[in-house]
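To keep things clear, I will list the structure first and then write my remarks on it.
The values are calculated or read from the model by the stated rules, or taken from the named source; none is laboratory data. What you see is a predicted model, and the numbers here were worked out from it, not measured in a lab. Every residue, glycine among them, receives a Cβ derived from its backbone with ideal geometry; neighbour counts consider all protein chains shown.
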Amino acid sequence: MARWGRIIGAGIGFATGGIIGALIGGAIGSLFDDTGSGLKGYESNQQQQRMSQRDFYSSLLVLIAAVMKADGVVKKSELDYVKRYLLGSFGETKATQLLHALRDVLQKDIPLTQVCSEIRQNMPYASRLELLHLLYHIAQSDGVIDAKELDVISMIANALGISSADSQSIKATFYDDLESAYQVLEITSAATDDEVRKAYKKMAVKYHPDKVSHLGEDVQKSATEKFKKINEAYERIKKQRNLN
């Protein structure tokens, strides 16, 4: 399985083989034109793997299935949200094929630890953050995040190598209160005004939508939502503190 993480170029992404490839079964391989997309070069081990839209969505579908199966019931509201998201991103033809792939994965046992390990080895950190963001969107599509689903998402975040601070920050964007605003910026209410400003600048860089631009406009649009939440959190804290 490790050999897939070392393949560079040639149009082959890590999700073509390994655990994720076995679960998806090549069902979405023809849906994406990955020519020229992804990370290139040999700047670091993390950047040696060519990251493609196919890899991202294969990983996302498998993780979505794991979250939807967490409470033992695949909710219609969650499936409807996924359908709307895919339709809005890809149009009816691609969305239909992606949904068929998801339904197939929902029927299978998912070795979640192995899946997350494969993603962690091959996917840049910024892309993993966006996977987590989308999973929270799915989980709260019916207005409530089920405790079992939350446990699975937390497990996924940890297995993907996402820091607890980043995981909590993403989760906090789905709540509308002052405490959550501080959590979005990964600080507490005890932070000084200068620390608030520095935290905002740091988060704005970390979650800038351009970091996932190689994954297409649909993913970048989702990343923009997180970026907007960072700005909203900062403005809320500024207002509460009377900061300019």
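When you check residue 150 against the structure, is it surrounded by 16 or more Cβ atoms within 10 Å (Cβ to Cβ) and in contact (Cβ under 8 Å) with a residue 12 or more places away in the chain, yes or no? Break it down stepwise before answering.
Details: surrounded by 16 or more Cβ atoms within 10 Å (Cβ to Cβ): yes; in contact (Cβ under 8 Å) with a residue 12 or more places away in the chain: no.
Here the answer is no, as residue 150 does not meet what is asked.
Do we find that residue 183 is over 16 Å from the mean Cα position of the chain (by Cα), part of a helix (DSSP H, G or I) and of a type in the set (S, T, N, Q) in this structure?
yes
Could you tell me whether region 54-75 includes any residue that is on the phi < 0 side of the Ramachandran plot, part of a helix (DSSP H, G or I) and surrounded by fewer than 18 Cβ atoms within 10 Å (Cβ to Cβ)? Don't jump to the end; show me each part of the working.
Within region 54-75, the subset on the phi < 0 side of the Ramachandran plot is 54-71, 73-75.
Still in the running and part of a helix (DSSP H, G or I): 54-68.
Now drop any that are not surrounded by fewer than 18 Cβ atoms within 10 Å (Cβ to Cβ), which leaves none.
No.
It is to be established whether one or more residues within region 166-187 are surrounded by fewer than 16 Cβ atoms within 10 Å (Cβ to Cβ) and among the hydrophobic types (A, V, I, L, M, F, W, C).
Yes: region 166-187 contains one or more residues that are surrounded by fewer than 16 Cβ atoms within 10 Å (Cβ to Cβ) and among the hydrophobic types (A, V, I, L, M, F, W, C).
Whether any residue in region 153-166 is over 28 Å from residue 202 (Cα atoms), over 11 Å from the mean Cα position of the chain (by Cα) and not assigned by TED's automatic domain parsing to the domain that holds residue 223 is what I want to check.
Step one: filter region 153-166 for residues over 28 Å from residue 202 (Cα atoms), giving none.
Checked against the condition, which is being over 28 Å from residue 202 (Cα atoms), over 11 Å from the mean Cα position of the chain (by Cα) and not assigned by TED's automatic domain parsing to the domain that holds residue 223, region 153-166 yields no hits at all.
How do the pairs read when you match residues in region 104-118 that are in contact (Cβ under 8 Å) with a residue 24 or more places away in the chain and not assigned by TED's automatic domain parsing to the domain that holds residue 68 with residues anywhere that are basic (Lys, Arg) and surrounded by fewer than 17 Cβ atoms within 10 Å (Cβ to Cβ), using Cβ under 6 Å and keeping only pairs 6 or more apart or on different chains?
Cβ pairs passing all conditions: none.
Just name the residue that is nearest to residue 170 (Cα to Cα) out of those in region 188-244 that are β-branched (Val, Ile, Thr) and in contact (Cβ under 8 Å) with a residue 24 or more places away in the chain. Explain how you work it out, then say what you get.
Applying the first criterion (β-branched (Val, Ile, Thr)) to region 188-244 yields 188, 192, 196, 205, 212, 219, 224, 230, 237.
Then drop every residue that is not in contact (Cβ under 8 Å) with a residue 24 or more places away in the chain, which leaves 196, 212, 219, 230, 237.
On the way: 196: 17, 212: 16, 219: 15, 230: 10, 237: 17 Å.
Among them, the one singled out is 230.
Only residues that are in contact with an Asp or Glu (Cβ under 8 Å, 6 or more places away or on another chain) and at pLDDT below 90: list them for region 148-175, please.
148, 149
Can you name every residue in region 214-244 that is small (Gly, Ala, Ser), crowded, with 22+ Cβ neighbours inside 10 Å and closer than 17 Å to residue 125 by Cβ? Let's see the steps before the verdict.
Filtering region 214-244 for residues small (Gly, Ala, Ser) gives 216, 222-223, 233.
Retained after the next criterion (residues that are crowded, with 22+ Cβ neighbours inside 10 Å): 223, 233.
Selection gives 223 alone.
Look at residue 20 and say whether it is assigned to a helix (DSSP H, G or I), modelled with pLDDT of 65 or more, β-branched (Val, Ile, Thr) and in contact with a Ser or Thr (Cβ under 8 Å, 6 or more places away or on another chain). Give the derivation first.
Numbers: assigned to a helix (DSSP H, G or I): yes; modelled with pLDDT of 65 or more: yes; β-branched (Val, Ile, Thr): yes; in contact with a Ser or Thr (Cβ under 8 Å, 6 or more places away or on another chain): yes.
When the stated conditions are applied, residue 20 passes them.
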